[in-house]
Amino acid sequence: MDNKFNITVRGCDLYYGNFQALKNVNIDIEENEITALIGPSGCGKSTFIKSLNRMNDLIEDCRINGEILIGDQNIYDKSMDINLLRKNVGMVFQKPNPFPMSIYDNVAFAPRTFGIKKKSELDKIVERSLKQAGLWGEVRDRLRGKAMGLSGGQQQRLCIARALAADPKILLMDEPTSALDPISTGKIEELMSDLKSDYTIVIVTHNMQQATRISDKTAFFLLGEIIEYGKTESVFSNPKDKRTENYITGRFG
Amino acid sequence: MSTRARYEKELKGIIDSLVLMCRHIEVAIEKCVKALVERDFDLAKEVFEIDNVIDKMERDIEQSCLKILMMEQPVASDFREVSAVLKMITDLERIGDQARDIAEITTQFGDEEYIKKVVHIPQMAIIVIQMVKDGIQSYINRDIELARSLDRTDDKVDELFNIVMNDLIALIKKNPENAEQAVMFIMIDKYLERIGDHAVNIGEWVEYAITGEHPKN
């Protein structure tokens, strides 16, 4: 992979067995922007976001056609190094999922996997990642404490720190705040805005206000298709497609 | 079926109030000009009362709009509908003030005979009343053609404004003693001309509500 981390998707179809979950998806996701994916449950947003780091490979019966490029590299090429892909494309899930180990070991997990053993170096990465995730001040005195002992919002920021420790270039977030209270949500939204100058961020959200608050572009998915994609402000003030309008105004169906 | 029943009920309440506010404004313009023509001070004073009602309605509708924005957080056309109302009521309230100003001047003429026949001013009033009505009607019916037509109708108001002003300038030139009344008539002339401009503003916000683009942007 070179050093361009924009995402280009062309004619992407994805099937789970006979069920077509994505239909001819075409989208250009820019670097240093937050792109929000919205749409009703089952519309393909999560399937799409998972296809960006080939997490669908793990699902039996899943087939994908078309092209997904990061920079100039087609990530479904046989030549693609999947470990490198996953290192470059980090993911944060809806439910905080810290490993049942210490805070420190959670964050050091990825760098250790990549072979970093030197304590001083790991210390640096852990501190930097926790600082980036806005958690350092709250946990610096208990890095050896259990990750599971943190609050939900702290756990989610820990998961973000863990993802950042792998030094990714793209961050995928699948409803990262839907299980959090407004304060924790606010912290993570602020964090995303801080991070976007260094990353390409794609977020799935069911919260329309969250999409308008933080994202630069919004894509509306429906039944596996992208119905509308554009600047968030114009999608939410003047959507071009009636189906987008009906969905975002809560008049669906 | 709509899943936004509460929102739609609240918006309907706002629109009903808007229509009522518009009705009060029509009456205010009608009465202030009638009071001028017929030199009816009691009628002029009625306009003050109507203006108080209009001011109160503006505040109430404003509160309802702010509440709906906060509680329902509307987006897309819902957002545009509510924000257009918020802007339109400011223009409507100003129109109410101008009707009041005309009524106030009317009471200041005293018993002196008018320096001229009041012919064009009632004509202007008829046109601007229709413009205000059309503005609100175009909002209710999502009628973009009607909303856009207000700009053209306003040209007629401007034409009458100039006729009245030129008449008055001539009267001042003819006899400087006419100046006092002439200035009062010019103010009335200007207030009616401004009412036309406010109606045009209303039409522009209707266009924004329908298309998402304000024509001045």
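The values are calculated or read from the model by the stated rules, or taken from the named source; none is laboratory data. Remember, predicted model here, so these are calculated numbers, not experimental data. Virtual Cβ from ideal backbone geometry, glycine too; neighbours counted across all protein chains shown.
Below are the figures for this structure:
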quantity	calculated
Of the criteria (1) of a type in the set (A, V, I, L, M, F, W, C); (2) under 17 Å from residue A:172 (Cβ atoms); (3) surrounded by fewer than 17 Cβ atoms within 10 Å (Cβ to Cβ), which one residue A:101 fails	(2)
Lone qualifier among B:11, B:18 - being crowded, with 18+ Cβ neighbours inside 10 Å, within 14 Å of chain A (Cβ to nearest Cβ) and either of a type in the set (A, V, I, L, M, F, W, C) or free of Cβ contacts under 8 Å to residues at least 60 places away in the same chain (or both)	B:11
Scan of the range A:51-77 for residues that are assigned to a helix (DSSP H, G or I) and not small (Gly, Ala, Ser), ordered by number	A:55, A:56, A:57, A:58
Some residue of the range A:21-33 being assigned to a helix (DSSP H, G or I) and within 27 Å of residue A:214 (Cβ to Cβ)	no
Selection from the range B:38-59 of residues that are more than 19 Å from the chain's Cα centre (by Cα) and either among the aromatic types (Phe, Trp, Tyr) or part of a loop (DSSP other than H, G, I, E, B) (or both)	B:39, B:40, B:41
Verdict on residue B:191 being touching a residue at least 12 places away in the same chain (Cβ under 8 Å) and either within 14 Å of another protein chain (Cβ to nearest Cβ) or at positive phi (or both)	no
Enumeration of residues in the range A:1-55 that are closer than 15 Å to residue A:76 by Cα and among the acidic types (Asp, Glu)	A:13
Selection status of residue B:186, of a type in the set (A, V, I, L, M, F, W, C), within 14 Å of chain A (Cβ to nearest Cβ), surrounded by 15 or more Cβ atoms within 10 Å (Cβ to Cβ) and over 17 Å from the mean Cα position of the chain (by Cα)	no
Answer residue from the range B:77-104, given it is more than 16 Å from residue B:205 (Cβ to Cβ) and crowded, with 20+ Cβ neighbours inside 10 Å and is farthest from the other protein chains (Cβ to nearest Cβ) among those	B:103
Selection from the range B:119-157 of residues that are among the β-branched types (Val, Ile, Thr), surrounded by fewer than 16 Cβ atoms within 10 Å (Cβ to Cβ) and more than 14 Å from the chain's Cα centre (by Cα)	B:119, B:140, B:144
Single residue of A:164, A:172 found to be touching a helix residue (DSSP H, G or I) at 6+ places or on another chain (Cβ under 6 Å), more than 27 Å from residue B:74 (Cα to Cα) and part of a helix (DSSP H, G or I)	A:164
Residue that is surrounded by fewer than 15 Cβ atoms within 10 Å (Cβ to Cβ), under 30 Å from residue B:71 (Cα atoms), among the basic types (Lys, Arg) and within 14 Å of chain A (Cβ to nearest Cβ), where the choices are B:6, B:23	B:6
Those residues of the range B:2-37 which are assigned to a helix (DSSP H, G or I), at pLDDT below 95 and of a type in the set (D, E, K, R), in sequence order	B:6, B:8, B:9, B:10, B:12
Single residue of B:157, B:128, B:206 found to be in a helix (DSSP H, G or I) and closer than 30 Å to residue A:239 by Cβ	B:206
Scan of the range A:54-78 for residues that are within 19 Å of residue A:23 (Cβ to Cβ), touching a Phe, Trp or Tyr at 6+ places or on another chain (Cβ under 7 Å) and crowded, with 16+ Cβ neighbours inside 10 Å, ordered by number	A:62, A:64, A:68
Residue match in the range A:110-128 (condition: at pLDDT below 95, among the β-branched types (Val, Ile, Thr) and closer than 22 Å to residue A:201 by Cα)	no
Checklist (1) part of a helix (DSSP H, G or I); (2) within 14 Å of another protein chain (Cβ to nearest Cβ) applied to residue B:74, failing item	(1)
Of the criteria (1) closer than 30 Å to residue A:211 by Cα; (2) without any contact (Cβ under 8 Å) to a residue 60 or more places away in the chain; (3) outside any helix (DSSP H, G or I), which one residue B:110 fails	(1)
